[in-house]
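Each reported figure results from applying straightforward, stated rules to the coordinates on display, with no laboratory input. None of these values were measured; they are calculated from a predicted model. No Cβ is skipped: glycine too gets one built from the backbone with ideal geometry, and neighbour counts run over all protein chains shown.
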Amino acid sequence: MKEDVEMDAIEILKQLKNKGVRFTPQRQAILEFLLETESHPTADEIYHHVKAKFPGVSLGTIYNTLNMLKEHGHLLELSYGDMSSRFDGNPKNHYHIVCLMCGMVADYHSPLIDMNQEVMEKSGFLITGHRMEFYGICPECRKDEKPN
Ligand SMILES: [Zn+2]
Ligand SMILES: [Zn+2]
């Protein structure tokens with residue numbers, strides 16, 4: 001495991017313990033996987049990863065832990081209509097690029113567009129955030145494109 005991931009995990013565990021959240025080794029493994037991966041896994045993918053280390057883990061534990069991390073602001077959930085949600089251990093708002101061929105989701109780090117004020121004034125909504133996504137075909141899938 002990367003050292004900074006371990007540090008982040010310890011810091012988050014400490015914060016949650018102060019709030020009275022119980023942490024089992026299974027829950028810790030879920031958190032660590034989310035911090036070390038950039039693949040934006042689905043709950044199912046997280047389940048299979050954690051199950052390799054903790055065969056007794058249930059899908060219910062995965063969902064409980066994801067909900068708890070989300071509630072405490074340590075996790076972003078990206079929902080896509082009918083498709084499974086994907087989870088991001090980086091809770092800071094950032095942009096995503098979605099591959100329409102394989103469904104892979106990549107991060108795109110760029111300063112966030114500051115439109116909240118404008119939208120708030122024009123729509124009358126109290127704006128608390130925004131989400132922008134790019135769609136296309138990832139480099140891996142582009143390799144498979146047949147040249148005409
Ligand atoms: Zn792709
Ligand atoms: Zn992300």
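Summary table
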read-out	value
Single condition MET120 does not satisfy, out of (1) of a type in the set (A, V, I, L, M); (2) outside any helix (DSSP H, G or I); (3) more than 16 Å from ligand 2 (Cβ to nearest atom)	(2)
Residue satisfying all of: in segment 129-142; farther than 13 Å from CYS99 by Cα and not hydrophobic (A, V, I, L, M, F, W, C); farthest from ligand 1 (Cβ to nearest atom) among these	GLY129
Check on LEU35, touching a Gly at 6+ places or on another chain (Cβ under 7 Å) and within 16 Å of ligand 2 (Cβ to nearest atom)	yes
Selection within segment 1-47 - part of a loop (DSSP other than H, G, I, E, B) and over 18 Å from MET68 (Cβ atoms)	MET1, LYS2, THR37, GLU38, SER39, HIS40
Conditions (1) away from ligand 1 (no atom under 16 Å from the Cβ); (2) without any contact (Cβ under 8 Å) to a residue 60 or more places away in the chain; (3) not in a strand (DSSP E or B): number failed by HIS74	(2)
Residue within segment 57-67 that is within 16 Å of ligand 1 (Cβ to nearest atom), hydroxyl-bearing (Ser, Thr, Tyr) and over 26 Å from GLU3 (Cα atoms) present	no
Residue check, LEU76 within 16 Å of ligand 2 (Cβ to nearest atom) and of a type outside the set (Ser, Thr, Tyr)	yes
Every residue from segment 48-58 that is of a type outside the set (Ser, Thr, Tyr) and in a loop (DSSP other than H, G, I, E, B)	PHE54, PRO55, GLY56, VAL57
Some residue of segment 112-120 being in contact (Cβ under 8 Å) with a residue 24 or more places away in the chain and within 20 Å of HIS40 (Cα to Cα)	no
Residue among SER110, SER123, SER84 that alone is of a type outside the set (Phe, Trp, Tyr), surrounded by 11 or more Cβ atoms within 10 Å (Cβ to Cβ) and away from ligand 1 (no atom under 16 Å from the Cβ)	SER84
Some residue of segment 96-104 being in a loop (DSSP other than H, G, I, E, B) and within 21 Å of GLU6 (Cβ to Cβ)	no
All positions within segment 105-117 that are assigned to a strand (DSSP E or B) and among the small types (Gly, Ala, Ser)	ALA106
Failed item in (1) touching a Cys at 6+ places or on another chain (Cβ under 8 Å); (2) over 17 Å from PHE134 (Cβ atoms), with CYS102 passing the rest	(2)
